[in-house]
Every structure is written in structure tokens, then in C-alpha cells.
1. Which condition number does A:Val406 fail, the rest of (1) in a loop (DSSP other than H, G, I, E, B); (2) within 11 Å of chain B (Cβ to nearest Cβ); (3) modelled with pLDDT of 85 or more being met?
2. Output the helices (runs of 4 or more DSSP H) that fall wholly within segment A:26-129 and possess 3 or more residues being surrounded by 19 or more Cβ atoms within 10 Å (Cβ to Cβ) and out of contact with any strand residue (DSSP E or B) (no Cβ under 8 Å at 6 or more places or on another chain), or say none.
3. Which condition number does A:Ile65 fail, the rest of (1) away from every other protein chain (no Cβ under 14 Å); (2) touching a residue at least 40 places away in the same chain (Cβ under 8 Å); (3) closer than 26 Å to A:Ala165 by Cα being met?
4. Report whether or not A:Ser388 is surrounded by 13 or more Cβ atoms within 10 Å (Cβ to Cβ), more than 16 Å from A:Leu206 (Cβ to Cβ) and in contact (Cβ under 8 Å) with a residue 40 or more places away in the chain.
5. Checking A:Ala209 against (1) buried (at least 21 other Cβ atoms within 10 Å of the Cβ); (2) away from chain B (no Cβ under 11 Å); (3) among the aliphatic types (A, V, I, L, M), which single condition isn't satisfied?
6. In segment B:21-69, what count of residues is obtained for those that are touching a residue at least 12 places away in the same chain (Cβ under 8 Å) and not polar (S, T, N, Q)?
7. Just the residues that are more than 24 Å from the chain's Cα centre (by Cα) and at pLDDT 90 or above, please, taken from segment B:275-298.
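The values are calculated or read from the model by the stated rules, or taken from the named source; none is laboratory data. Computed from a predicted model, the values in this text were never measured in an experiment. Ideal geometry is used to build each Cβ from the backbone, glycine not excepted, and the neighbour counts take in all protein chains shown.
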Amino acid sequence: MVFDSFSFLLFFAVVVAGYQLPLPWTWRKTLLLLFSYGFYAAWNPPFVALIWISTGIDWFATRRIARSTTVASRRAYLLLSLVTNLGLLGFFKYGGFLLESFVVLVQSMGGDFRPAAPDIILPVGISFYTFQTLSYTIDVYRGEKPWPSFLDFALYVTFFPQLVAGPIVRAGEFLPQCRESRRSTAEDLGWGLSLMVVGLFFKTVLADAMLAPLADAVFAGAQKAGFVAAWSGVFAFSGQIYFDFAGYSTIAIGAAHCLGFTLPMNFRSPYASLGFSDFWRRWHISLSSWLRDYLYIPLGGNRRQPIRVSMNLLITMLLGGLWHGASWLFVLWGALHGLYLMAERKVREHFPHWIEPGGLFGRLFVMVGTYLLVSFAWVFFRASDLSSAMSLTHAMWTGAAGELAVDRAQLELALAATFLMLVGNHFMRERTFVGTAHLLPWWGRSVVLAALMIAIALTPGNDRAFLYFQF
Amino acid sequence: MTVPSSISSSEVGGPWGRTWILAIALAAVALGAIELHWRARGFKPAVSDSARLWSTHRHRAHGLERPGSVIVGASRVQYAIDLDAFADETGWPVPIQLAIQGRSPLPILNDLAEDSSFKGLVIVEVTDRILFQASRQRERRARLRVAESRELAVNQTEGLEAWFEALVGSTFAFRNPELSPDRLLALSQAGLRATPRERWVESDRSAKMDFSRVNEAGLEQRWVRRLATEKRPGLRLRNEIIGEVAASAEAIRARGGEVVLVKLPNSGRLGEMENERFPREVFWDVLAERVGGPAVHFEDYEELRSIPTPDGSHVDAADAAEFTRTLARIIKQRAAVSR
């Protein structure tokens, strides 16, 4: 069940109605938990068991960690959680990839190894809820007190708005909200539904209808793309993935709001970033902050020798790339971002004003430069194979002419959406949704909401899933 | 543990009740006006022939037994068969339409053969230039649809979603795929106005073509030009494809199902070219013999030959019911003989 579906609208209406029943808070939380399991089971019922395993193991491990009196014992229970969660993730997400890579390695050394295809189905959202439960266990290992209620913890792992594609919520952000009874107030519903409409507009109108057709056409014909086709297709994908994922996150945050819960922001105008470290503070914030807190800092962060700091950045970004999918192309995408960050660090050391210049022109120059290089990196994220990625790279940087003809209507729609995105990101760089909504009178919000709903209704549906579901 | 500062609703302020009532009223009035505008211009609600819709109908074929039937093929059979007329004429359940325009029936037939629960009748429409395409591009595209369908089938709410989509699609003209923003923009760039198309798909996936609004000669020329660019397969590839059709037919028959091959009418310049490039004795006759079982070629039946195909390839919506009844009678006879 995806957010941009009629089934979800029906499901969500039932959830909100059920949530209003005059029942004790514990019962209503139980109801939310059951609805969340139902939401996940709508994909593939047996995979709910994986969530139960993660929930059970982490609940057990954290209580043991808190009670342990020796370092060895605390480590052993942390290891239990890590091995179980990463083991499940490794098997379902990377099993086929590891086997395939091993076969290539053996064959490159002259061996003849032909195993049967593993045929493993990837459970939707496994990367998201695995990182979420792991963060809780590591926090407890680091000294946080374990949460006393199993029901609250199970709801934290499974809460349906953020279950399958984030934001990756920290226990400290969610569990305290379970303490006191929550209701869907008129304020919560009004603002939450507004966010859901904005998110749906991002996904169905901007990502799917205006940007995806050109991106799909160019990446499908990558081998024949010339300079103009390659750059326009890559810009279209930059916009598509932003509106697709930011749309999903906005709907998730809005749905949670309707139920009286607050989830953290996941995007903050990333294409108005001044440099790459700024980009990663604005793009998929819940993942980048997770990687920072649970990987980069434990590796030593930036408090080591310059060479070691560079290695830490590279390792973090390589693993961040691999988190997105079991493919060497994702590793290359991560490596490229690692190199960007390393280069930026060097520039900051010697020419700090280059990255954050004072004048408007200089800032625009850095913003556009960041956007261009981030967009170029998406080539490796989106291309179906290395050869297509290299063809596009060649066309983009050599100005080569190509045979691929770009449809004029698709190009104009994509350019319009890209322009809207860049201007919007620039305008919103230092602003929040709340602040912007606050600027409008109530009837002004009505007009904006009506316009978005009309655009959504006029855009014929398609079968495009949210891109981040595959991760 | 602390609660995050986020986009809290309390900071936005109301009045939300008034805001939403006005927003819904504005949207309803605007959409109502747009609906009336398109209907006044002759547009009707239409269903998108999407992977989801196809997948829903493929799911219905799971566990199907004779006399339940499935139709596979390309556009000719999707336009020519009136599903209700077929059911009425044969007394069998309404067939499931799985033909896909411009795609080979082979991967769909293979998929049904692999489905051990399927024991129904498969009507395989053979358009030589599609089934025997040298590049096998049309086959790859059909295989992609099968793969998409298998992915979608995992989702337990797909049936419900398809039902909702069909309901909305068949209610509102403004959701007609012909009125999508990219199409409207492309038309305006070409200096054209959107006009109701002569072709549409219904929620049971049957397709209709109203030739009273079609430039028949132009359409035929388009098919002819397309055929002229397509390569004919060598005998080796022909045998390979025929072998695959025969293996799937054998697997279905072994479970009690049946496979009927059908060749639908063509005419005019396109018909001549098709017969020239794909001679009956080299393609159809070899296929029918190797696959065995019932095979219906329009040339062998006067009542099928006489049905007009205005663009050389497709049956008009007005003739579809009559044509279907004729074909259904023949298929029922042939299938009964084979049992």
C-alpha cells in the first residue's frame, strides 16, 4: 500500500476514525500498532515476522545491556542485536549481490562456479526499520535508559507513517511522545492533511508526471545521448528523486501529525546547498545524521589526522551508498560524494570564503556548482549499468553530439519543474514550511490547497512506486 | 530523551475548519467545471490500460479451468473481441482479456504455462510480424509486463487499488489518459487542439476503435511503414519461437487446458505486405502443425473474411460483436472437437 493510492486513503480514513474512539490511551496505541502491522502486511504478510524478530531481539538485548554489570556482557548483547539486524539485512538485501560478486571474482580467476540464482525477495523498508531499531540499541549501550513499555517500543519500530521509507526516527524523538494521550485535534488534522496534499503534489504531479518521463527516456537511451539530452535527463532525475522522496517524507510527517505525533524533517531545501557538507545536512537528514552519529563519529570523525578524516568520510559515504542498494553503482555514487566532501574539506582549510562567500552572486555560484556536481553523481545512482553511466558521463563532460532525440513536451515540463524546484529551494533555504504557511491568510492557504488538489486530480495515475521503496 | 523541534501544527494556527471547507469547495467547483468542459468537447471517461489493470486480470486467470478462457495476442484481438458477446455466444464465462497492444503473446503464454493452477482455454492471436519479430523487442516488452505483474501481485491491496482506479477512471472524463498534461502540451506545441480519440480501453481491457473518426488511409500507411522497417526472422529463429509456443501449449494441455491459435483478418496493402513477408505456408501452417490442436485462420472461413478491417488491421467497434459471435462459434466447435 503506497501513500499515493486510493487504498491508502481508505486505510488512513479508517485509522483516523478508529483513533478517535473513546478508549484508554494504551488501547489506542495498541490499535495503532495493529493498524501498522496491517499496513506492512498489505505488501507481503510473512515479512511482518521480520519486524517481530527485530523488535523482540532489540527489546531483549537493550534490557540485558542495561542490567549487565560487565563490559563483556554489554558488548555481547550489543553484538546479538547487530548480528541479528545486520544479518537479516545482509541476507535479504545483499545476499544475491554478494553471491554474484563472488561468482565474478571466481570466474575472473579462471574458476567455474555457477550457483543457482538465490531468488530472494527484498522486504520493503528493511533498511529503514533496521537502522531505526539499531539506533535505539546503540543509544542504550551508550548509556540511555531503556524505555519501560514494550508496546511503545513496538509502536516506535512499526509506526506506519515512517515504517517503509523513513524518516529514520530516533527513539528519543518518538518514545517520549507515547507517554501522554494524544488525539487528532483540528489543528493536527488541518496541518497534517495540508502536508499530505503537498507531499502528494510533489510525488504525483512534479516527480511522476513532469520529471520522470524525461529521466526515464534519457536513462533508457543513455548509449545514444548527447550533451543536451544527457544533462537534461540528469537534471530531470535530480528533480524526480527529490520530489519523490521529499514527497514521501512530507506525507509521512503529515500522516503522523494527523495522529498527534511529530516526526523530524527529512529534507531542508537541499538544492540550495552551499557545498556538499551543507547538502548532507539538508538531504535525507535522518539517514545522514544516523551515519554521522553511528558510523562517522565512532570511526573518529574529524578529530583525527587529515588523512584519517578523509578515510572516515570516504568509508561513511561508501557505506551510505551501499545502504541504498546492492550494486556497485551505488558504491560509486557514495565514493563520488566521499570525494566531494574530501575536496571541500581541503578547500575550506585553505580558502574558507570560497564555500560560503558573502555576496549574492558568489553564493549563487557555489549553489549552482553544488547542484551541478550533485546532479552528476545521480548518474551512477540511476543508471541501469556501468556502461550507461559512462556513456552519459562522456556526453555530459565532452559535449558530444548524440542521436537520442528529446521529446519537446517532456523537456519543457521537466525544465518547468526544475526551475520551480530551484527557485523554491532558494526561497525556502532559511525558511520552514510552518513559517511559510504562517505568512498566508487562512483563505490564501485554501486557494493553495485547492490548486494542489486540482493538479493532483487532473494528473492521470500511473504505476510508479516511490523510488526509495527499493532501498 | 527529548522531543524534536519539527513542523509543529501549533505554530501554524487556524482556522483549519474554514480553510479546508473553502479549499474543498474551490477544488470541487473547479473540477466540476473542467469535467463539464471536457464532456462538452466530446471526451468520455476512459481507463488507463496500465500494468496494474493488466496484472489484476492476469490474477483472475490464476486457477481458471475450462471452459474459462483467456485471450492473448496484440491489438487486433483486443479490438476485435467483444467479451460479452463471446460469453453470450459460447455460454462460457466472460473471457479474460490479456492481449497487449504491440507486444508478443509468447511471454504471456509461457507465463500461463508455468502457472500450474491454470487449466483454462487460451486463445492465442497470431500477428506474424509481432510473434515472429526478428529483434524480439516486442517479446521483451511483454516479458517486462509479466515481471511487473508478478511484482505487483505480491501487494495484497493491488486488487482493491485496481478497482478504485477503474471506478475513478470510468467516472471522470478529466482523468482520461488522453488529457494528461504532457499530451495536452505536446498538442498545443503542434498547434493542435485535443480531440476525443477514436480508440479507448474499457475496464475489462477490451479496446474499441471508432473508424468513423479515423483517417483510415493514414493509419494503414502508418502500419505499412512500420512493417517495412521490421526484419523478418530466419528459419532458425522461427523454429525457436514455434518450439516455445508448442512447449507451452503442451504444458497447458497436459493439465487439461487447451490452446487455440487464431489468425485474424487483414486486408488492403497491409494485408498484401504481411502475406508477402510472412507467407502462410512458411509461418502459420508450420506453427499450426507443430503446436497441434485447434487453429483458426480467417482465410479458411468466408464469414471471417467478410468482416471489414478499415485500416487493413483492426475491426471497427461497430462490427466487433458480430465478428466475435462468428469467431466464438468456430472456436467452440474446434475446441469441442479437440476434447
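1. (2)
2. Those helices (runs of 4 or more DSSP H) span A:48-67, A:71-89.
3. For A:Ile65, the exception is condition (3).
4. yes
5. (2)
6. Qualifying residue count for the region: 29.
7. If the condition is that a residue be more than 24 Å from the chain's Cα centre (by Cα) and at pLDDT 90 or above, then B:Pro279, B:Arg280, B:Glu281, B:Val282, B:Asp285, B:Val286, B:Glu289, B:Arg290, B:Gly292 are the ones that fit.
Rundown of residues vs (1) at pLDDT below 90; (2) part of a helix (DSSP H, G or I); (3) out of contact with any Ser or Thr (no Cβ under 6 Å at 6 or more places or on another chain), yes/no style:
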{"position": "B:Asn239", "(1), (2), (3)": "no, yes, yes"}
{"position": "B:Gly243", "(1), (2), (3)": "no, yes, yes"}
{"position": "B:His314", "(1), (2), (3)": "yes, no, yes"}
{"position": "B:Ala318", "(1), (2), (3)": "yes, yes, yes"}
